[in-house]
Amino acid sequence: MSPTPTAAPAIELIGIDKKFGAVHANKNINLTVAKGSIHGIIGENGAGKSTLMSILYGFYHADAGSIRINGQATVIDDSQAAITAGIGMVHQHFMLVENFSVLENVILGVEGGALLGRGVSEARSALKRLETDYGLEVDPDAIIEELPVGLQQRVEILKALYRGAEILILDEPTGVLTPAEADHLFKILGVLRDQGKTIVLITHKLREIMAITDTVSVMRRGEMVATRRTTETTVEELAELMVGRRVLLRVEKGPAAPSDIVLSVRNLTVKDGRGVTMVDNVSFDVRAGEVVGIAGVAGNGQSELLEAITGIRKPASGEILIHGKPVTGFDSARLRALGLGHIPEDRHHMGLVLGFEESENSVLGYHRDSRYGRGPLLDLDACREDAKAKIEKYDIRPPNCRLKTANFSGGNQQKIVVAREIERDPALLVVGQPTRGVDIGAIEFIHRRLIAMRDAGKAVLLVSVELDEIRSLSDRILVMFAGRVVGEKTPDTGEQTLGLMMAGIAA
Amino acid sequence: MSTASVPLPNWITYGLMPFLNLVVAFLISGVVVWFIGESPLDAVTLLLQGALGNGEGIGFTLYYATNFIFTGLSVAVAYHAGLFNIGSEGQAYVGGLGAALASLALDHYVPWYVTMPFAVAGAAIFGAAWALIPAWLQAKRGSHIVITTIMFNFIGAAMMVYLLVHVLIVPGKMAPETRVFLEGGQLPKLDWLIAMFGGKLGPAPFNVSFLIALFMCVVVWVLIWRTKLGYEIRTLGASPTAAIYAGIPYVKTVIITMLISGGLAGMMALNPVLGASARLQVEFVGGAGFVGIAVSLMGRSHPLGIVLAAILFGVLYQGGDALSFDMPKITRDMIVVIQGLVILFAGALEYLFRPAIVRVWQRFGKA
C-alpha cells in the first residue's frame, strides 16, 4: 500500500450511473466515505445498493461516473483491480471451499508460486498477525464445513485482510448470525475501524445501522436520497426515507382468541438426507386463531420441521395430526386438500418456478383444481383471470400476469406466493421466512395479511430467523436449538433472553 | 460482466440467434470444403439443388425430416421434464417391431387406412415399452436416464437383430428382414401433395407418416402447454423442488413422460418401415434418434422449432447425398462433418453470440 494523505476520503463515488436495459439501477450516485469510519448503506431490495457495490468491486462497469480511492482516480474494471486498490468484499453467501481448511481458503488465488510449501508457511504467520491485531481468532487448520457460520464469516473477513484490504464491504453480514454472533461481528468491525480500516455495511436492518455505523446513506429506487450522521437520525426517519412514506415497524394487532387445536405435532423426529437427526422428538400444538412462532438460528432444524409438516420430507418417527386426523407422511397435494397452506422458506426453489409466467405460478399446487380447467386440460384464461384478481388485491407490481416470474422483484415474488396460499383460505397456514429478501413496504403488507389470517380464525405456524418478526407477529414463541424445542415464551420476552436460548445457553 | 440474465425479445432469441449460428456453421463448412479443393459456392448450390431443386429432392428431404420430427418431439417431451432421453434411437427401433407386426397381421385383409391406426398404436406401444424400464429405474432407483437409455439402445439393437435373423426372417432368404408388406400394410405416398406444387415425387418415399408427424406436433403442443399433465411436466423440468412443493408425484410423472417420449420415438418407425421399404429391416433407424437430440435442441423443444430444424437436417441429409454424388471429393463422411458443425453451433454452442448480441441490443435496441 502506498502511503496516503489522511485528509482524503477512502472512497469517493462521483456521478455513478448504471442502467440494465429499461431499469435505471443507479442514478447519478455521489457517495463519500471517510477513512477509518463505518458507513452504512440501507435501502429496500432493488434500491440499487448491490449494484453500486458491484460497481465499486468491479463486477459491473458504470455507464458514467468515476471512482476515487484515497483521493486518487481509480479504474476498477474487475475484482482483481478492486483487490489491488485495497478493497475487499464479504459476500452475503460465503465464497468458501467447504472441504478446504481455513488456511487453504485464505490463500486461495494468492498461493504464491506452483509449490504450496512457502506460501502456506507465510500465510500461517500472516494469519497469526491478523489474529492478534484484530482479535479474529480462527483455527487455521479447521475445515470450513465444520465451523459455525459466524466463524466462516470471520474467514471471509480474514481472506480480505490477507489480500491487503483497507476498505471492507460487507453485504448483509448478519443474515445468518445469532444475535450474539452479530454482536461479536460488530465488535470486530469496531476494532478494524479503530485500526484505520474503512468499512461499508450494506443492510436492510435498521437496528444494525443504529448500533454500529458512524454515517449512513439511504438509497431508494436507484437514487441516493439522504446521508446522515447516525447519531443525528432515528430508526423512524431512516425507514421513512427508505420507503418514501411513513411505515409501521410493528404490526398492530389485538389479543389472540385461540380456539380448537388445528395442528398437532407429536414426538416428531426428522432426519436429513445424510441421516443426521435435524428435528429431535418435537411436540407442540397450534390452535385456530393464534400465531405460533418458531425462533432459532438458521440450521437448527426449523427448515426440516416445516418440510415434515408440509409433506415435503418424510419424518423418521412421530405423528402429525390436522384437526385430529393423522396425516403423517402425506404428500403436499393431499395436505393441501385438507386445508394446509404453505408459504415456503425458499420461494426461488420451492414456492415459484422462476421461468414460468406469473399466472402459471399463481396456480402452482392448485393446478389440478377444476376451476383451472376441466378434465386433463389447463384453462389458461381461467388461470390468468385468477392471477389478475390476485395481482389487484395484493398490489403485485408490475401488474402483468404474462410476465416471467424471474422479472419480478423479491418482494413482489413473495406476494405472488402469499396471495396464492392465503386466497385459498386454508385452515392452517405454515409460513417460512415470509419476508426474507423482501422490502419494508412489502413486509408491512405481508405481516398485516398474516395477522388478518389469525383474526379470521386460522391457525398460523411461523418460522423465521428474524427475531423482530417472530416477536411482533407471534402469540406464542417456541425456541429451537439443535433440533429440540428448548422452551416456550411469550412475545414480550426480551431479545436477550431469546437470543441466549437460541444459542443453547439458557433454557 | 454478466449478460446471461438480460432479457431479449423473442425474435432475437428464436430467430436471429439460431440463424447466426447456422451461418457460422456453414461458413466454417465452406472453409473445410475449400481446403479439400472444391468451391464452397458450387458445393452449397449443389446441396440446395439436390435437396430442394425438384419434386424428388423435396420428397426425400421431407421423408428424412419426418423421421427427425418424430425423434425430435420424443427428445423434447422428455426434456421438458428435465429428462435427457438418449434412447430415442432404440425406442424407434423397437417401435418398428410393433408397426411391422400390425402390418404383417392385417395387410392380407384390410386397406391401409384400417391398418394405419393399429400400426401407429403398435409402434407407439412398443417404443413406450422400451422406455419403461429406464424410466422406472430413474424414477424409483435414481439410475441416471442418460446411462440407462444408452444401454437400452444396445440391448434393443441386439434384440432386433436376433428377432430378424432367427424369428421374422422369410424362410430360405438371406436378408435379415420380414416379408414385404402388401398394399394393405403400407402407408401411401404423398405424390398428390408434391403435385399440388407442380412437382413430381418420383421414387422418393415421402408418405403419409409426414402428416402423422405434423399431427403429433399439434398433440405435443397441446400436451405441454394446454394440459395439467404438461404443466406438471414443465414444473418438474424447471424446478424439481417446486414440483415436490406442489405435490406433483415424481415417480408417476417421470414414468408417464418417458412413456410418451418413447411412444413418439417408436412412431418414427412408421415412416421407413410402412412408408418406404414396406418391410422391417435391420438398422432401419440409421441414427435418426440421435439427430432428434440435435433437432430438439435447435428447435428449443418447441414443435414449430422442431419442424423447422427437422427440415434443415432433412436438407442436409438429402442435399449431402446429392453433393457427394456430384462432387466425389466430398464424401459421405464430409457431409457428416458439416452436420456435426451445424449441431455444434446450433445445439451445443447455442449461446455463443448471446453476450455480443446483448451488448448491441443494450446500446441500440432501446432507441
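Checking each residue in region A:22-63 for being within 14 Å of chain B (Cβ to nearest Cβ) and assigned to a strand (DSSP E or B) picks out A:VAL23, A:HIS24, A:ALA25.
Per-residue answers, yes or no, for (1) under 29 Å from B:ALA204 (Cβ atoms); (2) out of contact with any Pro (no Cβ under 7 Å at 6 or more places or on another chain):
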residue: B:LEU73; (1), (2): yes, no
residue: B:SER88; (1), (2): yes, yes
residue: B:TRP112; (1), (2): yes, no
residue: B:THR115; (1), (2): yes, yes
residue: B:ALA158; (1), (2): no, yes
residue: B:HIS166; (1), (2): no, yes
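When A:GLU423, A:GLU444, A:GLU466 are screened for being among the acidic types (Asp, Glu) and touching a helix residue (DSSP H, G or I) at 6+ places or on another chain (Cβ under 8 Å), only A:GLU423 passes. Within the set A:LEU206, A:LEU177, A:LEU189, A:LEU170, the sole residue that is under 27 Å from A:MET219 (Cα atoms), within 17 Å of the chain's Cα centre (by Cα) and at pLDDT 90 or above turns out to be A:LEU170. Looking across A:ARG436, A:ARG471, A:ARG484, A:ARG420, one residue alone is modelled with pLDDT of 95 or more, among the basic types (Lys, Arg) and buried (at least 16 other Cβ atoms within 10 Å of the Cβ). It is A:ARG420.
Quick grid of which residues meet (1) farther than 29 Å from B:VAL180 by Cβ; (2) in contact with a helix residue (DSSP H, G or I) (Cβ under 6 Å, 6 or more places away or on another chain); (3) surrounded by fewer than 16 Cβ atoms within 10 Å (Cβ to Cβ):
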position	(1), (2), (3)
B:VAL75	yes, yes, no
B:ASN85	yes, yes, no
B:GLU89	no, yes, no
B:ALA102	no, yes, no
B:ALA124	no, yes, no
B:ALA135	yes, yes, no
B:GLN138	yes, yes, no
B:VAL146	yes, no, yes
B:GLY156	no, yes, no
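For first residues located in region A:304-328 and closer than 21 Å to A:GLN433 by Cα, partners that are among the basic types (Lys, Arg) and lie 6+ apart or on another chain with Cβ distances below 6 Å form the pairs A:GLU307/A:ARG313. Close contacts from region B:120-146, counting a first residue that is under 27 Å from B:GLY185 (Cβ atoms) and a second that is aromatic (Phe, Trp, Tyr), with Cβ to Cβ under 9 Å and a gap of 6+ residues or different chains, come to B:GLY127/B:TYR93; B:TRP130/B:TYR93; B:TRP130/B:PHE152; B:ALA131/B:PHE152.
Consider region B:322-340 and keep the residues that are surrounded by fewer than 18 Cβ atoms within 10 Å (Cβ to Cβ) and hydrophobic (A, V, I, L, M, F, W, C). The one that is farthest from B:ILE293 (Cα to Cα) is B:PHE325.
Taken over region B:237-270, the criterion of being in contact (Cβ under 8 Å) with a residue 12 or more places away in the chain, at the interface with another protein chain (Cβ under 8 Å from one of its Cβ atoms) and surrounded by fewer than 21 Cβ atoms within 10 Å (Cβ to Cβ) is satisfied by B:ALA238 alone. Every condition in (1) within 12 Å of chain A (Cβ to nearest Cβ); (2) buried (at least 24 other Cβ atoms within 10 Å of the Cβ) holds for B:ARG234 except the one numbered (2). Restricting attention to region A:138-183, the residues that are in contact (Cβ under 8 Å) with a residue 24 or more places away in the chain, in the same structural domain as A:THR198 (by TED's automatic domain parsing) and closer than 26 Å to A:ILE505 by Cα total 11. Taking (1) buried (at least 17 other Cβ atoms within 10 Å of the Cβ); (2) under 26 Å from A:GLN80 (Cα atoms) in turn, A:ALA182 satisfies each apart from (2). Checked against (1) of a type outside the set (Gly, Ala, Ser); (2) at pLDDT 95 or above; (3) closer than 13 Å to B:ALA65 by Cα, B:VAL291 passes all but a single condition, namely (2). Residues considered: B:TYR79, B:TYR93. Of these, the only one that is touching a residue at least 60 places away in the same chain (Cβ under 8 Å), within 14 Å of chain A (Cβ to nearest Cβ) and closer than 28 Å to B:HIS144 by Cα is B:TYR79. Comparison of A:THR493, A:THR497 shows that the only residue that is out of contact with any helix residue (DSSP H, G or I) (no Cβ under 6 Å at 6 or more places or on another chain) and either part of a loop (DSSP other than H, G, I, E, B) or modelled with pLDDT of 90 or more (or both) is A:THR493. With respect to the conditions (1) over 30 Å from A:GLU237 (Cα atoms); (2) acidic (Asp, Glu); (3) touching a Lys or Arg at 6+ places or on another chain (Cβ under 8 Å), A:GLU44 falls short on a single one, namely (1). Would a scan of region B:185-198 turn up a residue that is among the β-branched types (Val, Ile, Thr), at pLDDT 95 or above and over 16 Å from B:GLY98 (Cα atoms)? Scanning region B:185-198, I find no residue that is among the β-branched types (Val, Ile, Thr), at pLDDT 95 or above and over 16 Å from B:GLY98 (Cα atoms), so the answer is no. With respect to being within 14 Å of chain A (Cβ to nearest Cβ) and either modelled with pLDDT of 80 or more or not in a loop (DSSP other than H, G, I, E, B) (or both), B:ILE357 fits the description.
Residues are listed down the side, and each one gets a yes or a no for (1) over 16 Å from B:ALA294 (Cβ atoms); (2) at pLDDT 95 or above; (3) assigned to a helix (DSSP H, G or I); (4) more than 14 Å from every other protein chain (Cβ to nearest Cβ):
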| position | (1), (2), (3), (4) |
| --- | --- |
| B:TYR14 | yes, no, yes, yes |
| B:GLY30 | yes, no, yes, yes |
| B:GLU38 | yes, no, no, yes |
| B:THR45 | yes, no, yes, yes |
| B:LEU48 | yes, no, yes, yes |
| B:TYR64 | no, yes, yes, yes |
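So in region A:380-389, with the set limited to residues that are more than 10 Å from every other protein chain (Cβ to nearest Cβ) and hydrophobic (A, V, I, L, M, F, W, C), which one is nearest to A:GLY311 (Cα to Cα)? Here the residue is A:ALA387. Number of residues in region A:314-334 that are facing chain B (nearest Cβ under 8 Å) and among the hydrophobic types (A, V, I, L, M, F, W, C) equals 1. Scanning region A:363-379 for residues that are aliphatic (A, V, I, L, M) and either within 7 Å of another protein chain (Cβ to nearest Cβ) or in contact with a strand residue (DSSP E or B) (Cβ under 8 Å, 6 or more places away or on another chain) (or both) gives A:LEU364, A:LEU377, A:LEU378. Residues in region A:105-123 that are out of contact with any Lys or Arg (no Cβ under 9 Å at 6 or more places or on another chain), in a helix (DSSP H, G or I) and either of a type in the set (Gly, Ala, Ser) or modelled with pLDDT of 90 or more (or both): A:GLY117, A:GLY119, A:SER121, A:ALA123.
Restricting the search to region A:335-362, which residues are outside any strand (DSSP E or B), buried (at least 17 other Cβ atoms within 10 Å of the Cβ) and more than 8 Å from chain B (Cβ to nearest Cβ)? Residues satisfying the conditions are A:GLY339, A:GLU345, A:ARG347, A:HIS348, A:GLU358, A:SER359, A:ASN361, A:SER362. Per the conditions (1) part of a helix (DSSP H, G or I); (2) within 14 Å of another protein chain (Cβ to nearest Cβ); (3) of a type outside the set (S, T, N, Q), the sole criterion not satisfied by B:ALA25 is (2).
The values are calculated or read from the model by the stated rules, or taken from the named source; none is laboratory data. Fair warning: this is a prediction, and the values are worked out from it, not measured in the lab. Neighbour counts are summed over all protein chains in view; Cβ atoms, including those assigned to glycine, are modelled from backbone coordinates with ideal geometry.
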